Structure formats: C-alpha cells, structure tokens
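Structure record follows, encoded as structure tokens.
Read the figures in this text as sums done on the coordinates, not as results from a lab. Because the structure is a prediction, the values reported are computed rather than measured. Heads up, the Cβs are rebuilt from the backbone with ideal geometry, glycines too, and the neighbour counts pull from every protein chain shown.
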Amino acid sequence: MMYIYLFFFMNFFMACSTPSNESDSAKSESGIEIKSNKATYDESEKIVITVWNRMEEPVTTMDQHTNCSIILIEQQKETGWQEIKNCTLNAPAREVTIPAGSKETIELISDQPFATNLTIGTYRATLVYTTGEHFKPSQHQIAISDIFTVE
C-alpha cells in the first residue's frame, strides 16, 4: 500500500512542477489569488502568504510543500524557478479544501520544524489546486503570486 502512495505522489509532484518559463498571465486567469503580506522581507522575518479563493466553488490542494504547507515557494535562479521542497514528514500528503470565497493564511516561520530559511533572493508562491471537494491530479491548475524578495 505504501508503494501505491509513493507512486501516486511522485507522479503527482512530477506532473505539477511549474515550468520555468511559466508566464505571469497565469496569475490573472485563476480564481485563486495568492499574496504575500510584504514585497520585501529580512532573512529571519516571518513570511505571510494569503490564499483567497474568489470562486463560487471550493478548491482542493495537497499539503507537504514548503514548510509542510499547501504553498510551494519557488526561488528565481539563473536557470529558472527552483522549488523549495523541504517537508520531510513520513506521512502521505493530505487534501486541504478551501471553501468558496474564503481565505487561508500560511505563515512561513524559519524556526518551525521542517522549515527552511529563505536566503537572499527573489521568490514567488504557487498553489497547485483543482476545483471541487477532492483533488484530481489530472485536472490541476496553478496559481502564482507576485514576486517578493528577501534581503
């Protein structure tokens, strides 16, 4: 059974990887809005990301991304966007449903278990989701925040 979970989630994460040439137009086409509470942070500062489901139906995502949250932080590198996958929990990822019209706030704090300090650089937050009450990997969509920096 564990091999089935492992196979599913390995294929899911490979299928959901954000291409490095993803255009910013994906942000405005989605009914999901992702925002950081500031445009610039200090290295040790708490980063707060808000996910707002502006649609009239729930959306579902999976946890265990950056700092074991529903958010996947990506850092801009010369070769494109590099995902920060640092969740080392030994448990299957869980579905997380965000009701229609609601907001979820995710605090990325460097001293949390499984946390990684974001080093100086340029970042964005992404959310892989599907509409409805259950996550459907083959129908996933990606919402992308504006960029923010760590100094």
Loop-located trypsin sites (Lys or Arg not before Pro) in the stretch 58-151 whose Cβ has at most 16 other Cβ within 10 Å (DSSP) = K85, R94
With each label point set 7 Å from Cα along the Cα-Cβ vector, what nm distance links K35 and T50?
-> 0.5 nm
Checked against the positive end of the charge dipole of the stretch 50-151 (+1 on Cβ of Lys and Arg, -1 on Cβ of Asp and Glu, about the Cα centre), the farthest of L72, S145, V51 is L72
If the cut-off is a Cα-Cα distance under 16 Å, which lysines reach K103, setting aside same-chain residues fewer than 8 apart in sequence?
-> K35
Cα→Cβ-extended label distance, 7 Å offset, between Q82 and D146, nm | 2.6 nm
How many nm separate the modelled label positions at L89 and E107, each set 7 Å beyond the Cα in the direction of the Cβ?
-> 1.8 nm
